[in-house]
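Bear in mind that the values in this text are calculations on the coordinates, not laboratory data. Everything numeric here is computed off the predicted structure, so don't read it as measured data. So basically every Cβ, Gly included, is an ideal-geometry build from the backbone, and we count neighbours across all protein chains shown.
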Amino acid sequence: MDRDGLDTLIDERVRYTVQYAEEHSPFYRHWFRENRIRPGDIRVHEDLLELPLISGRTIRENQPPGTPAFQFLSSPWEDVFTIQETSGTSGTPKSFFLTWDDWKRYAEKYARSFVSQGFGAGDRTIVCASYGMNVGANTMTLAAQRLGMTIVPFGRCDFASRVLSAYRPTAIVGSVFKFLRLARRLEAEGLHPRGTSLERLVVGGESFADESRAHLSRVFGVPVYNTYGSTEGTMCGECSEQAGLHVPEDLVHLDIYDPQMRTFVADGNCGRGVLTTLLPVGAKAGTLLLNYDTEDDTAVFSRQPCACGRTHMRIYNPRREAETLWILGSAVNRVDVEGCVFQPANLPSITGEYEAFVSDGATPGSVVMQVSMECADPEKVDFQTIGERFTEHFLRTSRGLTTSYDEELFRLVFRFVREGELDIHHLKGRAKRLVDRRAI
Ligand SMILES: [Zn+2]
C-alpha cells in the first residue's frame, strides 16, 4: 500500500480504536475524562502526539491488587481466549487479555515478518523461545500454520544434535547466545555449524550488537534476522534487506518520545518507542493500548519504501532502557559493551560470553568497569591485545568517556575466565550482563 493509502487506513483505525477504548476500556474511559480529552477530537494519528503517555507501571497500578478489577480488560470474558503475562522482571507481571481476533492479528504480524525473511511453505523451524505466558512463541506457531511452515516447538535450546540431522530444519528462532552455545555444542560433537541444513536464524526478544550478529552469521554461514516482539503487541521484523525493522503500521502505530525533552521527536532522533494498538474497524480487543511507553529506545530508520518492496516504515534495532547505565555523564548500553566483546579479531580466542560490572573506583568520583570474558583456553589467549581492542572500540562508541579515561577517572579492567565460570551461568532467569554495583 502506498503511503497515502496507508495513512488513510491508519487514521481510520485510530478513530475506531479510540472509540472502542471509550466504549470498552474502563481505564481509557476514565483517562479521557481525567485528561479532558474528547475521544471524538482524535481524528488522525498526529492527534495522538497531544495525548499523555502511559507506561507499564500504569498497567500494574490498574490491575489487582492495585484495583479490584482489571481496568485494561476491554472485552467480556466470553470473548477472552487467553490471558498472557509479561515476564515480570521489573515488578508484578502485567496481564494481557487476548481475544481470538487478537491472536490472529499477532500471528499476522509474525507471518509477515517470516515471509519478509524468505520463509514459506515447507520450511521447518525449531522455536527456541518460551511457550509459557509470553505470547511470542505461541503466535509464531500460529503464523507458521498460515504459511504452511512446520514448527518444532522445543521452547528451550537444548535439543539433541540428532534433531538437526533427523528433521533437517531450515531455521531456528532463538537468541544470539543460545545460538553461540548451540554452535559450541555441535563443534564439541564433531559437527560443523556451517554444515547443517539451516538456511537462516531468527533472533528475537533482545537487542544485540551488529558485531555479534555478524559473528553469528559467520559461525553458521547463514543470514541472521532480527525480530522485536512483545506481549504488548509490537511485532517488528527485519526483512531480507536487513535495513531496519519493518513496523506493521496498519496494526500498531509507533511514535518516538524523548523523556528528557518531554516531547515527541522528529524522524531520525533517538527516543523511546511509544505504541498505540490499531484495530481494524469492527474488531474486538481484549487489551488495547494508546500511547504506551515501551521503555525501549529506538529511532525511525526510514519511511521510504524499502528495497524489498514493502512500504511500512522501518526502525533501528530497539535497545532496552533498563540495560542502559549512566557512567560519568555518558549513557552506556549493554549492546555497546557487547559490540566491543565481539570485535572480529578477538574471536575465536574468546567465546563471546561476557559480563560487565560497573563499580566505584578507589578515588572519589572515579568509576571502574570490569569486563569478564570467557575463553576456551585461557593459556593461549593474548589478554593484552584483546583488552586494547576492547578499549579502543569502547572509547570510539562512548566518546563522552574519553576525557575521563585519559584522566583515569574511568578505568576498564579485564578478566578472562574458563567456560562456565561467569556469574551469569549461575543465576536463574534472565540475568543481566551489564550490572551496576555503584553505591547510590
Ligand atoms: Zn524491507
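Side notes on the structure shown:
- Residues His30, His426 in ascending order of nearby Cβ atoms (within 10 Å, fewest first): His426, His30.
- Cα-Cα P(r), the range 360-440, percent of pairs per 5 Å interval: 3, 12, 20, 21, 20, 15, 8, 1
- Peptide packing for 407-414, 271-278 was compared via the average number of neighbouring C-beta atoms within 10 Å per residue; ordered from the highest value, the list is 271-278, 407-414.
- Folded to 0 to 90 degrees: helix 136-147 orientation relative to the chain principal axis, Cα: 70
- Axis of helix 100-116 versus longest Cα principal axis of the chain: the two differ by about 50°, to the nearest ten degrees.
- Each distinct pair of alpha carbons in the range 44-142 adds a 1/r term; the inverse of their mean, the Kirkwood radius, is 15.9 Å.
- Counted residue by residue at 0.36 nm each, then reduced by the alpha carbon distance between them, the extension gain from Asp79 to Arg162 reaches 25.7 nm.
- C-alpha long axis of helix 176-188 to longest principal axis of the chain, angle in °: 40
- FRET efficiency for the pair Thr67 and Glu321, taken as 1/(1 + (r/R0)^6) with r the Cβ-Cβ distance and R0 = 25 Å, rounds to 0.45.
- 14 Å reach of a label modelled at Arg411, 7 Å along Cα-to-Cβ, counting backbone N of the range 323-365: 358-365
- Helical contribution to [θ] at 222 nm, DSSP H n ≥ 4, -39,500 (n - 2.57), averaged over the chain, rounded to 500: -8500 deg cm²/dmol
- Our estimate of slack between Ala307 and Arg29, defined as 0.36 nm per intervening residue step minus the Cα-Cα distance, is 95.9 nm.
- Across the range 173-218, Cα pairs under 8 Å and at least six residues apart give a relative contact order of 57 percent.
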